[in-house]
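Readers should treat all values here as calculations from the given coordinates under stated rules, not as data from a laboratory. Please read these numbers as outputs of a predicted model, since none were measured by experiment.
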Amino acid sequence: MRQQRSELTESVQQAAGFDVLKQLKNYSAFQASHRVAAYLANDGEIPLSPTIAHLWHKNRKCYLPVLFGFGGRRMHFSHYHSKSHFSNNKYDIPEPVVPIKEQLKSNALDLVLMPLVAFDGIGNRLGMGGGYYDRSFEFLRFRSVWKKPRLIGVAYDFQQVDILQSDPWDVPVDAIVTPTRLIRF
Ligand SMILES: Nc1ncnc2c1ncn2[C@@H]1O[C@H](COP(=O)(O)OP(=O)(O)OP(=O)(O)O)[C@@H](O)[C@H]1O
Ligand SMILES: [Mg+2]
């Protein structure tokens, strides 16, 4: 799936980014969210630049994940705005430079747009294998009623598989957004 994704042309990827925003605009939970975590596309992931521009335009706040803790393999979330400065993390992914005291913890977000490699029909999600999202949102596994933040996986339709085997630490998503659909679980 990663290979298939990386073989898409630039114009197909750009179009997918706009189509994902179109789907999100019809999703009330997205429209009601003020603190939204996004990502900078890497490895052929669907670009969220149109969605980020939309959030800025609506005066809602956008955050990007930053690695945190020595070997802790967790993430904090740094405010991303038009004047952000960036520095690359160990995976060469740019992170906004924000003092640690001003970084948001994962439980302070309203909604999280997460990249993924594959998803199935009941909300299981396969990531890149680092466990960063699973660790950072582990508290959601112990909650049944109050579900915040809402986790939304962003993917191409071809990234869907029939059944993904899930492990006890995997945190399922609340919905998947593709260029053509919004699937709620
Ligand atoms: N809550 C957790 N506590 C401790 N270890 C964890 C936790 N969540 C995941 N891990 C570890 O992280 C490793 C990678 O997990 P997994 O293969 O599910 O990653 P992933 O879901 O693909 O990645 P990501 O969460 O970054 O998208 C696993 O070997 C697991 O042991
Ligand atoms: Mg996992």
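Take every DSSP beta bridge whose two residues both sit in the chain, then give the antiparallel share in percent to the nearest 5. Taking every DSSP beta bridge with both residues in the chain, the antiparallel ones total about 55 percent. Over 29 Å between C-alpha atoms is what I'm after, so list which of K58/K90; K90/K147; K101/K148; K58/K148; K22/K61; K25/K83 land there. In this structure, K58/K90; K90/K147 lie more than 29 Å apart at Cα.
I need the shape label for the range 2-184. Rule: rounded when a/c is under 1.5, else prolate if a/b > b/c, else oblate, with a, b, c from the alpha carbon gyration tensor. Because its axes are fairly even, with a/c under 1.5, the range 2-184 counts as rounded.
With contributions of -39500 (n - 2.57) from each DSSP H run of at least four residues, the per-residue ellipticity at 222 nm computed over the chain stands at -5500 deg cm²/dmol.
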